Amino acid sequence: MNSLSQILYIDDDVEGCGMMSAWLQDYQLITTGEGRLAKELMQRTRFDLFIMDYYLPDMQAIELCTYIRSISPRVPILIYSASGRRTDRDAAMAAGATKYLTKPNDLDKIIPEINRCLGRPRYAAALADHRPRRRAASIF
């Protein structure tokens, strides 16, 4: 997979979007805080990976997963959420999520999981260095 894989990160936590932008410097990352805006972006752009929070201001991840699966059946979907409830995890997986990770407990797993989903070899992510080389596009 080339270094310009397109990722859509959907989370209403602006700080979390900034953190993810800093970590995913080798990708084309677009962030948004609403499911409705994410759906609009999906109409115009082909994404290689979707990462989202479970609870968004205008919908839950299960609705967005179902929508994504209707237009992109094979694209990986990672849920990265503070909700660790088993019912939320089970609902997301049933709706088509590829993996469900919990904030902040699974913080060390997010980069390796993204690389796995995109077919990149595993490498040690230097999370201590958060200096972004470029800004990600954000739509809130």
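The values are calculated or read from the model by the stated rules, or taken from the named source; none is laboratory data. Just so we're clear, the structure is a prediction, and the values are computed from it rather than from any experiment. Backbone-built Cβ (ideal geometry, glycine too); neighbour counts: all protein chains shown.
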Limited to region 77-115, what total is found for residues that are in contact with a Leu (Cβ under 9 Å, 6 or more places away or on another chain) and of a type in the set (D, E, K, R)? 4
So if I check each of Leu29, Leu24, Leu4, which one is at pLDDT below 90, within 11 Å of the chain's Cα centre (by Cα) and of a type in the set (A, V, I, L, M, F, W, C)? Leu24
If I ask for residues that are small (Gly, Ala, Ser) and either part of a strand (DSSP E or B) or in contact with a Leu (Cβ under 7 Å, 6 or more places away or on another chain) (or both), which ones from region 8-46 would you list? Ser21, Gly35, Ala38
Out of (1) under 12 Å from the mean Cα position of the chain (by Cα); (2) over 20 Å from Thr102 (Cβ atoms); (3) not aromatic (Phe, Trp, Tyr), the one Thr45 does not meet is (1)
So which helices (runs of 4 or more DSSP H) are wholly in region 47-117 and hold at least 1 residues that are crowded, with 21+ Cβ neighbours inside 10 Å and at pLDDT 95 or above? 61-71, 86-94
